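First comes the structure, then the notes that go with it.
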Amino acid sequence: MQVTAKNSADMRLGSLEELEKLRSELLAAEDPDQTKIIVCHGTGCVANDSPSVTKALKAALAAAGEDIKVMPGIKTTGCHGFCSRGPLVIIKPSNIFYQQVKPGDVEEIVQKTILTGETVDRLLYVHPQTGETLKTTEEIPFYSGQERVVLSNIGQIDPTDIEDAFKAGAYAGMAKALTNMEPGQVIEEVTKSGLRGRGGAGFPTGLKWSLAAKHQGGQKYVLCNADEGDPGAFMDRSVMEGDPHAVVEGMIIGGYAIGADTGYVYVRAEYPLAIKHLVKALDDARAHGLLGENILGSGFNFDIRINRGAGAFVCGEETALMRSVEGKVGEPVPRPPYPSDKGLFGKPSVLNNVETWANVSRILDKGADWFASLGTEKSKGTKVFALVGKVNNVGLVEVPMGISLRNIVMEIGGGVPGSDHFKAVQTGGPSGGCLPWEDADLPVDFDSLIAAGSMMGSGGMIVMDERDCMVDVAKYFLGFLEEESCGKCFPCRLGVPRLRETLNRFSKGQGTLEDIDDLYSLAEAIKAGSLCALGGTAPNAVLSTLRYFRGEYEAHILEHRCPAGVCKDLITYSIDPEVCTGCRACSRACPQGAITGEKKKPHTIEESLCIRCGMCMESCKFGAIQVI
Amino acid sequence: MLSLTIDGKKVEAEAGWSLLDTARQHGIDIPTLCYHEAVEPFGACRLCVVELKQGNNSRLVASCVYPAEEGLEVFTSSEKVNSVRRWILEMLLSECPASREIREMAGQYGVNTTRFEVKDPEEQCILCGLCVRACAQVVGANAISTVGRGAQKEIGSPYLVPGEDCVACGTCVTVCPTGAMGARFERVRGVPSVIMARPGK
Ligand SMILES: Cc1cc2nc3c(=O)[nH]c(=O)nc-3n(C[C@H](O)[C@H](O)[C@H](O)COP(=O)(O)O)c2cc1C
Ligand code: SF4
Ligand code: SF4
Ligand code: SF4
Ligand code: FES
Ligand code: FES
């Protein structure tokens with residue numbers, strides 16, 4: 001949509017009443033009889049070619065035109081969280097849920113579902129445990145177990161259409177705050193809600209704001225942390241792609257509350273769609289007078305700039321992020337001074353995570369009491385997790401704080417493929433730790449996770465099964481942090497590689513039990529001595545796996561054995577002659593030519609040639625290849 | 001005046017003093033590597049950590065950057081503190097074994113050997129960044145910088161392209177706590193602008 005100077009002036013909303021009037025008009029203009037076909041255009045589904053599905057759908061609808069009573073509307077939305085089943089097509093209002101839809105399926109959807117109301121059964125979701133075919137989103141445990149607050153509009157609205165966002169209530173909380181509340185009351189409301197930061201540490205948001213607000217007058221800033229660097233995490237990306245207005249609205253509220261006239265969104269450059277939607281949201285908000293001068297006639301001026309981050313993980317740390325926005329080297333600096341006193345450009349600043357800002361919009365809209373009714377005593381509200389790994393339903397889920405790990409993984413996640421339990425769940429990204437099946441009933445909230453040796457982090461949740469080696473997992477996260485350490489302070493720069501080297505030796509079957517004691521001691525020194533939380537939390541991967549899986553470490557060191565069959569130096573592959581059919585799949589798959597044997601006769605692996613890549617095991621349809 | 005205790009001793013500090021300033025003012029020694037009066041404190045080497053105790057809680061902070069506050073209870077050589085120092089020094093022994101200063105300091109903490117692999121027996125630089133900060137903040141020349149990140153970090157000319165900004169004042173060599181800058185001076189500082197001054201350019 002081209003916004004000319006003239007019609008942008010026309011679109012400006014001068015007050016809360018004008019916003020509410022526009023919202024009612026837009027809602028009234030909706031045809032209640034119209035079917036809506038929602039096609040997911042989140043990053044995951046787009047990668048699976050959902051735009052072609054949309055195109056085919058338009059063509060099929062046009063072709064069927066005369067037979068259709070009320071022409072359905074097509075709406076493209078952000079991520080529905082179930083990317084592993086994409087492309088997704090959902091028919092509203094009945095909420096029929098079609099997964100892995102290809103352009104070739106579209107004709108049938110139009111002919112059956114749109115014209116006669118029947119379902120296309122082969123596109124429906126099948127429950128991984130019961131084998132039941134489920135028809136609507138409400139029936140699918142992946143959705144029914146969730147509590148969507150931050151994600152409530154994502155998948156429902158067209159994120160590039162501000163009017164669609166208005167219909168879903170966008171900017172209502174902000175309008176209320178700016179029109180009917182003093183800044184201090186806004187902070188009070190956020191404090192009362194019990195909201196804690198979703199970016200990692202869980203710092204109380206209201207308290208953070210009040211620290212910056214107490215500086216009377218002068219330049220201040222609010223910032224949004226959209227650096228999201230945890231491997232496998234895409235919570236914040238989905239929010240920005242699917243409901244950018246929630247973030248913009250939250251930041252306006254925060255700016256008003258602390259007295260800032262400028263906001264920055266620090267977003268990683270690898271998120272082009274998120275940036276595109278954010279830019280569009282900012283343009284549309286400006287055109288409607290929701291950003292800029294005298295917002296909704298309140299006298300409050302505020303605007304938001306976007307800062308593209310170069311992608312270093314450490315730039316997500318708050319002081320490093322601010323240095324990066326200032327154009328300096330993105331390295332952490334010691335606190336105090338805290339950003340609430342001297343932050344961006346030396347001015348009082350508040351940095352919150354994407355999800356935190358989105359929660360702020362909801363809190364001002366629906367009230368602190370409503371928000372505080374969700375979650376646990378000390379962890380209010382919900383949390384979005386990226387559920388990945390050895391779990392049937394991979395995807396983005398939002399759950400009330402305090403829900404058990406078991407519920408998330410076994411119910412919403414549909415369980416672990418081929419097993420009735422998980423071995424471990426890794427939470428908190430690289431800063432977090434691994435929790436064992438024995439802790440399956442642990443309530444997932446900020447404090448329980450810390451007490452268990454992990455942390456909430458920004459919401460990564462990796463499910464692991466018996467084929468995952470805990471020494472290897474710890475090594476992986478340390479390797480990641482070693483790469484990402486800024487190298488400024490000595491305990492982190494020097495210590496993290498040393499921890500990893502020790503684990504490297506363990507995974508080769510070397511080392512002694514004294515090495516484990518040294519590992520504890522060095523880990524504590526790194527935690528206590530590092531300048532920023534990257535080093536301060538880096539040892540968690542080692543400490544938590546040692547705490548719950550010490551036996552597995554000892555198996556490596558004392559018995560030179562990797563029970564999970566992962567550490568290459570400690571395993572051998574062999575073929576069970578009883579099971580092998582001589583199909584030759586493995587010998588073709590082996591990149592080393594290590595497998596020989598006559599056709600239809602049992603094959604064998606030459607150990608000296610084998611590089612333990614596991615290709616043979618994957619290729620064997622009969623399960624004849626073992627690893628010991 | 002602020003009053004606090006350091007190692008059980010009541011001391012006074014002026015507002016704006018760091019814990020390190022306060023300790024040194026009262027003759028209490030805290031080891032440092034990345035600190036120098038002439039430049040802004042940096043908080044990088046963490047050798048100057050001290051333990052702050054509040055009830056049952058305790059945490060370590062870098063004394064060179066942590067401000068003196070009323071009522072703080074500071075411990076400069078608790079077991080927690082010394083463990084961090086010993087680990088840092090042991091790792092430095094393997095990282096920059098050629099530095100006599102580091103060997104001496106480690107020796108004072110009973111660290112005479114290292115369990116870690118020595119990568120470069122000639123290395124002396126501990127990457128404290130003093131040279132870089134002195135060149136920028138004292139000389140104003142910005143002729144040297146840290147390049148790279150994490151374990152790959154090193155001291156070099158900005159973007160590793162020799163510049164013409166060095167005025168050959170030698171400040172960096174003077175502040176260097178390990179003698180490393182003396183050995184790498186020619187390589188990292190670029191070409192002095194006094195020599196490179198070319199007419200018409
Ligand atoms: C190494 C490191 C990386 C971080 N990365 C992020 C990130 O990508 N996104 C984020 O919101 N917070 C990140 N944080 C946490 C931020 O420093 C900060 O606490 C957070 O953005 C504050 O927002 P909140 O109070 O809303 O959680 C990181 C912290 C560290 C130490
Ligand atoms: S802890 Fe690591 S990432 Fe943080 S300042 Fe120190 S070296 Fe840099
Ligand atoms: S000698 Fe050159 S590099 Fe060293 S401080 Fe002086 S100007 Fe900087
Ligand atoms: S050369 Fe010297 S002053 Fe510069 S970083 Fe290395 S040890 Fe520090
Ligand atoms: S992108 Fe479509 S469900 Fe995530
Ligand atoms: S002297 Fe304080 S951190 Fe180096």
Boolean, A:Gly479 is in contact with a helix residue (DSSP H, G or I) (Cβ under 7 Å, 6 or more places away or on another chain), on the phi < 0 side of the Ramachandran plot and more than 11 Å from ligand 2 (Cβ to nearest atom):
yes
Checking A:Val566 against (1) assigned to a loop (DSSP other than H, G, I, E, B); (2) of a type in the set (Val, Ile, Thr); (3) out of contact with any Lys or Arg (no Cβ under 8 Å at 6 or more places or on another chain), which test does it fail?
(3)
Among the listed residues A:Gly229, A:Gly254, which satisfies the condition of being within 14 Å of another protein chain (Cβ to nearest Cβ), within 16 Å of ligand 1 (Cβ to nearest atom) and outside any strand (DSSP E or B)?
A:Gly229
Do you know which residues across segment B:128-153 are touching a strand residue (DSSP E or B) at 6+ places or on another chain (Cβ under 8 Å) and farther than 21 Å from B:Glu164 by Cβ?
B:Gly129, B:Gly148, B:Lys153
Conditions (1) surrounded by fewer than 16 Cβ atoms within 10 Å (Cβ to Cβ); (2) touching a helix residue (DSSP H, G or I) at 6+ places or on another chain (Cβ under 8 Å): number failed by A:Thr572:
(2)
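So in segment B:32-49, with the set limited to residues that are more than 10 Å from the chain's Cα centre (by Cα) and away from chain A (no Cβ under 11 Å), which one is farthest from ligand 3 (Cβ to nearest atom)? So that I can check it myself, show each step before the final result.
Of the residues in segment B:32-49, the ones more than 10 Å from the chain's Cα centre (by Cα) are B:37-40, B:49.
Filter once more, keeping what is away from chain A (no Cβ under 11 Å): B:37-39.
On the way: B:Glu37: 16, B:Ala38: 11, B:Val39: 11 Å.
Only one residue tops the list, namely B:Glu37.
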Kindly indicate whether B:Glu122 is acidic (Asp, Glu) and within 14 Å of another protein chain (Cβ to nearest Cβ).
no
Quick one: B:Thr146 ticks every box in (1) closer than 19 Å to B:Pro31 by Cβ; (2) near ligand 4 (Cβ under 10 Å from one of its atoms); (3) of a type in the set (Val, Ile, Thr) bar one, so which box is it?
(1)
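In segment B:95-107, which residues are without any contact (Cβ under 8 Å) to a residue 40 or more places away in the chain and either closer than 17 Å to B:Arg46 by Cβ or charged (D, E, K, R) (or both)?
B:Glu95, B:Arg103, B:Glu104, B:Ala106
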Taking segment A:459-485, which residues are of a type outside the set (Phe, Trp, Tyr), surrounded by fewer than 24 Cβ atoms within 10 Å (Cβ to Cβ) and within 14 Å of another protein chain (Cβ to nearest Cβ)?
A:Gly479, A:Glu482, A:Glu483, A:Glu484
Just to be sure I understand, how many residues within segment B:56-65 are crowded, with 24+ Cβ neighbours inside 10 Å, within 8 Å of chain A (Cβ to nearest Cβ) and touching a residue at least 24 places away in the same chain (Cβ under 8 Å)?
0
Tell me, which residue of segment A:328-347 that is without any contact (Cβ under 8 Å) to a residue 12 or more places away in the chain and part of a loop (DSSP other than H, G, I, E, B) is nearest to the other protein chains (Cβ to nearest Cβ)?
A:Pro336
Return the residue satisfying two criteria in turn: it lies in segment B:129-157 and is surrounded by fewer than 18 Cβ atoms within 10 Å (Cβ to Cβ) and more than 13 Å from chain A (Cβ to nearest Cβ), and of such residues it is nearest to ligand 5 (Cβ to nearest atom).
B:Gln137
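Can you go through A:Lys423, A:Lys383, A:Lys378 and tell me which one is closer than 22 Å to A:Gln129 by Cα and among the basic types (Lys, Arg)?
A:Lys423
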Counting only residues that are within 10 Å of chain A (Cβ to nearest Cβ) and out of contact with any Asp or Glu (no Cβ under 9 Å at 6 or more places or on another chain), segment B:88-99 contains a total of 5
List the residue pairs whose Cβ atoms are under 6 Å apart, where the first residue sits in segment A:3-17 and is at pLDDT 55 or above, the second is small (Gly, Ala, Ser), and the two are 6 or more positions apart or on different chains.
A:Met11/A:Ala287; A:Arg12/A:Gly289; A:Leu13/A:Gly289; A:Gly14/A:Gly297; A:Ser15/A:Gly297; A:Leu16/A:Ala175
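The values are calculated or read from the model by the stated rules, or taken from the named source; none is laboratory data. No experiment lies behind these values; they were computed from the predicted model shown. As a convention, Cβ positions derive from the backbone with ideal geometry for all residues, glycine included, and neighbour counts pool all protein chains shown.
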